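Data first, discussion second: the structure below is written as structure tokens.
What follows draws every value from the coordinates through simple rules; no lab data is involved. On a predicted model such as this, the values are computed, not experimentally measured, just so you know. Here Cβ is always computed from backbone atoms with ideal geometry, including for glycine, and neighbour counts include all displayed protein chains.
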Ligand SMILES: Cc1cc2nc3c(=O)[nH]c(=O)nc-3n(C[C@H](O)[C@H](O)[C@H](O)COP(=O)(O)OP(=O)(O)OC[C@H]3O[C@@H](n4cnc5c(N)ncnc54)[C@H](O)[C@@H]3O)c2cc1C
């Protein structure tokens, strides 16, 4: 099948990889350059979604995706010249709490997994925490430890997915897609400038820009940009061996040797510039949790836009709009973690096959 993909972030590149691997004729359209938005500037934390139920569709999708990440970390290294090392590594996560009410809720989550040997989730008291990382603030009363968590370089991962797709014959067009052509109730291709590129199916994986493109077809997609900023710091040694998360924030030592701290959730449209207000807010929050960061030096500040839906879950859909149209967006704060599962499922939806993981809960119909 001839398939056009709009968007060179992780959702589009993962879809391209799985489609090209299966022998389909893939063309990916990217307006700027690959991974030049959220997929290139995310933290790259791969934390399992913890809902309290192993059967919840979102949790199933997340766990399936983590399995694919593990496979990709070896598969993508083969034959790649520039991106041999995705910096994929296992790194436990600690969700820190300061309020008793939050601790009660976290403990309840922990208890719901206590009998499940397949997931390493534990509740740690502040005393136990200090054995893991002694520099955590004494205001922290405990934390949820998640052993099955990972980290990756999201830029290298996205690029490597594309390079592997390219080795299987996928082609890239650096152009903005201005419209999707429809004929007789089916998509027939995409439009760039005034050129038509024919296709049997069109995947829209254009991040927070997806809704603009789809509204011309009368398909309403509730995905909007949610800005997030990250600071990269030169922090005092030794590097932390785990990643720390609290409220909407985090701190972790990345494989570039820097400590990355974040973040913000800003509803400011498509403005993706960094701000001093966000810098001060992120530093203030991190120093409260890790007072030793008072002595850290700012090296870089970045900002980018998450594609966010009202229920914070992705949209994977091939039933809304004309036949042959597939929507893959809304990764939200989990878009890197979910990227491989979104890609493999989208590839199946585009070719009318059964996705290897049930994604029926992620169709657009849930918003109607
Ligand atoms: C600060 C921050 C930290 C994050 N940290 C994490 C994390 O630790 N773990 C995690 O799992 N997720 C994280 N995320 C979320 C993750 O980055 C996103 O969910 C994910 O990258 C979205 O990928 P995407 O491919 O859907 O969109 P994008 O990466 O935005 O890619 C969409 C692409 O489509 C292109 N495009 C748009 N319109 C058109 C058009 N008309 N024609 C051609 N091309 C077009 C754009 O140029 C863009 O390159 C973070 C996000 C932010 C902002």
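Structure above, values below:
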item: For region 172-328, share of DSSP beta bridges that run antiparallel, in % to the nearest 5; result: 90 percent
item: Most fluctuating residue given options 199, 303, 239, as computed from a GNM of the chain linking Cα atoms under 10 Å; result: 239
item: Choice from 115, 153, 295 showing the highest fluctuation, given a GNM over the chain with Cα pairs closer than 10 Å; result: 115
item: Ellipsoid semi-axes in whole angstrom, largest first, where each is sqrt(5λ) of the Cα gyration tensor of region 92-148; result: 19, 14, 7
item: Region 81-183 - Debye-derived log10 I(q)/I(0), Cα point model, q = 0.16, 0.25 Å⁻¹; result: -0.80, -1.29
item: P(r) of region 143-189 over all Cα-Cα pairs, binned every 5 Å from zero, in whole percent; result: 5, 13, 11, 13, 15, 14, 9, 7, 7, 4, 1, 0
item: Kirkwood hydrodynamic radius (C-alpha pairs) into Stokes-Einstein, region 1-92, 10 °C and 1.306 mPa s, D in µm²/s; result: 105 µm²/s
item: Label-to-label distance, nm, for residues given as residue 276 and residue 56 (7 Å Cα→Cβ offset); result: 4.1 nm
item: Distance histogram for region 221-353 (every C-alpha pair counted, 10 angstrom bins, percent rounded to whole numbers); result: 12, 34, 28, 17, 8, 1
item: Region 257-318 versus region 198-221: alpha-carbon centroid distance in Å; result: 27 Å
item: FRET efficiency estimate (nearest 0.05) - Cβ-Cβ, residue 312 to residue 241, R0 30 angstrom; result: 0.55
item: Rounded to 5, percent antiparallel among DSSP beta bridges of the chain; result: 70 percent
item: At R0 = 22 Å, FRET efficiency that the Cβ-Cβ distance of residue 167 and residue 194 yields, to 0.05; result: 0.10
item: Mean Cβ count within 10 Å, highest first, over the residues of peptides 119-128, 157-166; result: 157-166, 119-128
item: √(5λ) per eigenvalue of the Cα gyration tensor, region 1-53, largest first, Å; result: 25, 17, 8
item: Inter-label distance, nm, simple model (7 Å from Cα along the C-beta direction), residue 216/residue 118; result: 4.4 nm
item: Where labels lie 7 Å past Cα in the beta-carbon direction, separation of residue 101 and residue 134 in nm; result: 3.5 nm
item: Helix 276-289 axis, angle to the chain major axis (alpha carbon atoms, nearest 10°); result: 50 degrees
item: Kirkwood-Stokes translational diffusion coefficient of region 43-124, alpha-carbon pairs, 4 °C, 1.567 mPa s, µm²/s; result: 87 µm²/s
item: Per residue Cα convex hull volume in Å³ - calculated over the chain; result: 136 Å³
